[in-house]
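Participant: This is the structure I have questions about; it appears just below.
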């Protein structure tokens with residue numbers, strides 16, 4: 001017979017884990033009524049290593065409790081197949097998560113490279129999934145949740161594009177569309193595809209830290225028009241604005257926006 005300390009040392013588990021197994025009736029060591037000390041037999045130790053085996057492949061305690069009562073080989077196989085599907089789904093989720101992280105890392109790199117700079121760049125295809133009046137139209141967020149590329153189905157603003165239509169007199173239309181990046185040629189596309197082979201591209205900083213809360217639309221428009229005149233570009237009367245990243249400085253938000261202005 002062995003003490004709880006000895007068993008914990010043998011098996012490399014904590015005393016709390018052994019007590020937890022006991023609470024869940026996965027192991028039933030003998031207990032001295034007078035001093036409350038537990039004594040573990042070699043059969044108890046075997047039970048613990050069996051529980052550890054199933055925990056190592058992440059089988060839930062509740063499932064192990066069921067298994068302890070009775071489980072045929074077919075039943076165990078079914079349990080493992082269920083766990084296998086759960087793990088495969090988790091792997092797919094982690095792949096998507098990794099991709100999201102890599103995209104944000106690339107966005108950080110682009111901010112450092114193109115902040116305040118102007119180049120000509122393609123706006124890659126986007127599928128239009130829906131539209132909301134404004135990012136403050138909270139009652140329309142159900143549409144955003146339904147159509148946005150959010151891993152946890154939570155509201156984020158990164159799937160929104162602000163679209164400004166303008167002419168020489170000023171802004172004609174200002175709206176927000178929900179989009180999805182189109183990757184590959186074999187995807188099933190349901191919505192309208194939006195793309196422009198040539199755009200004036202830049203990244204600007206918005207947010208209270210840099211602007212004091214002032215609207216910078218006119219400043220951005222003036223810079224685009226000035227550059228178009230200098231380079232001999234013809235603006236097509238549209239600007240697409242994408243939220244790349246939000247961070248904070250002295251408690252005030254710093255917002256980095258990606259600008260695409262299609263040209264001929």
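The values are calculated or read from the model by the stated rules, or taken from the named source; none is laboratory data. Worth saying up front: this structure is predicted, and the values here are computed from it rather than measured. Methodologically, a virtual Cβ is constructed for each residue, glycine included, from the backbone with ideal geometry; neighbour enumeration extends over all protein chains shown.
Participant: Those residues that are on the phi < 0 side of the Ramachandran plot and either outside any helix (DSSP H, G or I) or outside the structural domain of residue 202 (by TED's automatic domain parsing) (or both), I need them from the range 222-237; list them, please. First the steps, then the outcome.
Facilitator: Taking the range 222-237 first, the residues on the phi < 0 side of the Ramachandran plot are 222-231, 233-236.
Result: 233, 234, 235, 236.
Participant: For the range 175-197, how many residues meet the condition of being on the phi < 0 side of the Ramachandran plot and exposed (fewer than 15 other Cβ atoms within 10 Å of the Cβ)?
Facilitator: Summing the residues that are on the phi < 0 side of the Ramachandran plot and exposed (fewer than 15 other Cβ atoms within 10 Å of the Cβ) in the range 175-197 gives 13.
Participant: Here's a follow-up. Being closer than 20 Å to residue 2 by Cα, without any contact (Cβ under 8 Å) to a residue 24 or more places away in the chain and not in a helix (DSSP H, G or I) is the filter here; which residues of the range 20-79 pass it?
Facilitator: Listed by number, the residues that qualify are 28, 31, 32, 33, 34, 35, 36.
Participant: Here are some residues: 62, 71. Which one is modelled with pLDDT under 95, surrounded by 11 or more Cβ atoms within 10 Å (Cβ to Cβ) and on the phi < 0 side of the Ramachandran plot?
Facilitator: Of 62, 71, the one residue that is modelled with pLDDT under 95, surrounded by 11 or more Cβ atoms within 10 Å (Cβ to Cβ) and on the phi < 0 side of the Ramachandran plot is 71.
Participant: Right, something else. Considering only residues that are part of a helix (DSSP H, G or I), in contact (Cβ under 8 Å) with a residue 12 or more places away in the chain and closer than 17 Å to residue 243 by Cα, look in the range 97-140 and name the one that is farthest from the chain's Cα centre (by Cα).
Facilitator: My answer is 114.
Participant: In the range 147-170, how many are within 24 Å of residue 226 (Cβ to Cβ) and loosely packed, with under 14 Cβ neighbours inside 10 Å? Walk me through how you get there before you give the answer.
Facilitator: From the range 147-170, those within 24 Å of residue 226 (Cβ to Cβ) are 161-170; that's our starting set.
Narrowing the set further to residues that are loosely packed, with under 14 Cβ neighbours inside 10 Å leaves 165, 167-170.
The number of residues fulfilling the criteria is 5.
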